[in-house]
Structures are given as C-alpha cells and as structure tokens.
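Here's the structure we're looking at; comments come further down.
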Amino acid sequence: MMKQRWISMFLVAVIITMALFAPTLYANEVRIEVDGVTAEFDVQPFILEGRTMVPLRAIAEMLDIDVEWDGERRTVTYVNPQDVLFELEIGRYAVITVDSATGSSFTEYLDVAPMIVDGRTFVPLRFVAESLGVDVSFYGGVVSLLTDEGFMRLRPVWIAGTGGTIYHSIDDCGNMNPALATQMTRGEAQDKDYRACLRCW
C-alpha cells in the first residue's frame, strides 16, 4: 500500500514537472506570414528560449523546398536553391551542411535543437529561412518571411518627407518591416501609382 502511494506521488511529481518545463505552446504561439500571406499550420509555431520554432515541412512546402525524413537516424534534410544540403538531427544542435558543387562540408550550430512536437519536426525559423535565402523580420507582433519573388511583388518603398510612411503598389502588404523598404520620392511613387500602406508605419 505504501509502495503504491509512493509510486502515485512520483507520477504526480513527473506530470507537474513536465507541465512546468515543457514548451507552453498556446501561451507562446506566434503568427507567421510568407510574402504577406498568413501561414496555416496543423501544429502551431511557438517561442522557445527566444527563438521562433516552426514545423519544418510546413515552412519548406510554403517556400517550395522538399524535406526528407530519416526515421532511423532521426534526421531531416533539405537542399537550398544554391544546392547546399542541410542535415538536422532531433535533439542535436549541430547542423551538417554539404555544398553539392564542391563536395565540401562544414558544421553550423543552432541555439535551440530540433525537436518533435505532436508528430511534427520543429526547428528554429530564422536558421531555416536564412539558409534558403529568405529575409526574416519581426514587426507589429508578426514574424514576416519575404522571398525575392514576394519582394518584387510587394515592392515596398519609403517616401521621404512623409514621416516614414510606407507605400506599396498594393494596399495590403502583410505588415512589412519598414527597414526592408527602399527610398523613393513622392513624385516617383505617384508616377507608379503607389498608395500609402494601411498597415506599415
């Protein structure tokens, strides 16, 4: 009887510890936009140790990148547009990169190791995005990913003399970071029919 009581107390302690130290997904969920479009996930991204963690396959598919999973080695690999391969292992901070053109390889290190949450492989967003040549910014409570194609479509410009107002060729830019905008005169913006953005300030 006493043994059962100790076992019960031990299990309760384990559950409480897990609740305290496991990533609090709902409290730390974050909104992500890709080229101005809000991304949808079946398992939500979250903040862990100051890093935005995202399901790798979902983000990769949005950026038109294939991801391969090796269940035995518990690794995920993907190749960026420059034919550089990246291999990440669950629970390991080291990332192996291999340049397909030269065959040379080297190791990079993550601040937060990849992990599995609800059957999805989560990785630090900034590392993956930058490895794919995608700009990452945080502005107005939104993590924004901007590809080269998205930048050309949104064409953000900063108009001198307007107090930092951002103009676009479209009204809704996806709350873009003004730091990404290039400068243009008011006359040039009017000639291009650019309009003041309602979300960028």
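The values are calculated or read from the model by the stated rules, or taken from the named source; none is laboratory data. Just so you know, these numbers come straight off a predicted model, no measurement behind them. Glycine gets a Cβ as well: all are built from the backbone with ideal geometry, and neighbour counts include every protein chain shown.
If a residue must be over 24 Å from GLU72 (Cα atoms) and basic (Lys, Arg), how many such residues does segment 82-133 contain?
1
Examine segment 78-88 for a residue that is within 13 Å of VAL112 (Cβ to Cβ), at pLDDT 90 or above and not hydroxyl-bearing (Ser, Thr, Tyr), and state whether such a residue exists. Let's see the steps before the verdict.
Kept after step one, since they are within 13 Å of VAL112 (Cβ to Cβ), are these residues of segment 78-88: 88.
Checking the rest, the ones that are also at pLDDT 90 or above come to 88.
Next, from what is left, pick out any that are not hydroxyl-bearing (Ser, Thr, Tyr): 88.
There is at least one residue in segment 78-88 that is within 13 Å of VAL112 (Cβ to Cβ), at pLDDT 90 or above and not hydroxyl-bearing (Ser, Thr, Tyr).
I'd like to know if segment 11-25 contains one or more residues that are modelled with pLDDT of 50 or more and part of a helix (DSSP H, G or I). Can you show your working first?
Filtering segment 11-25 for residues modelled with pLDDT of 50 or more gives 11, 13.
After this cut, where a residue has to be part of a helix (DSSP H, G or I) as well, the list is 11, 13.
Yes: segment 11-25 contains one or more residues that are modelled with pLDDT of 50 or more and part of a helix (DSSP H, G or I).
Which one of these does ASP66 not meet: (1) closer than 16 Å to LEU110 by Cβ; (2) touching a helix residue (DSSP H, G or I) at 6+ places or on another chain (Cβ under 8 Å)?
With respect to (1) closer than 16 Å to LEU110 by Cβ; (2) touching a helix residue (DSSP H, G or I) at 6+ places or on another chain (Cβ under 8 Å), ASP66 is out only on (1).
What pairs can you find where one residue is in segment 63-77 and on the phi > 0 side of the Ramachandran plot and of a type in the set (D, E, K, R), the other is modelled with pLDDT under 95 and part of a loop (DSSP other than H, G, I, E, B), and their Cβ atoms are less than 7 Å apart, with a gap of 6+ or different chains?
none
Quick check on GLY141: is it at pLDDT below 90, in the same structural domain as THR38 (by TED's automatic domain parsing) and within 19 Å of the chain's Cα centre (by Cα)?
Working: at pLDDT below 90: yes; in the same structural domain as THR38 (by TED's automatic domain parsing): yes; within 19 Å of the chain's Cα centre (by Cα): yes.
Here the answer is yes, as GLY141 does meet what is asked.
I'd like the residue in segment 91-119 that is over 15 Å from VAL54 (Cβ atoms) and under 18 Å from the mean Cα position of the chain (by Cα) and, out of all such residues, is surrounded by the fewest Cβ atoms within 10 Å (Cβ to Cβ).
Just the residues of segment 91-119 that are over 15 Å from VAL54 (Cβ atoms), to begin with: 91-109.
After this cut, where a residue has to be under 18 Å from the mean Cα position of the chain (by Cα) as well, the list is 93, 95, 108-109.
On the way: TYR93: 14, VAL95: 21, GLU108: 13, TYR109: 10.
Checking each candidate, the answer is TYR109.
Note down all Cβ pairs under 9 Å where the first residue falls in segment 29-49 and is over 14 Å from PHE122 (Cα atoms), the second is basic (Lys, Arg) and in a strand (DSSP E or B), and they're at least six residues apart or on different chains.
Listed pairs, sorted by first residue: THR38/ARG31; ALA39/ARG31.
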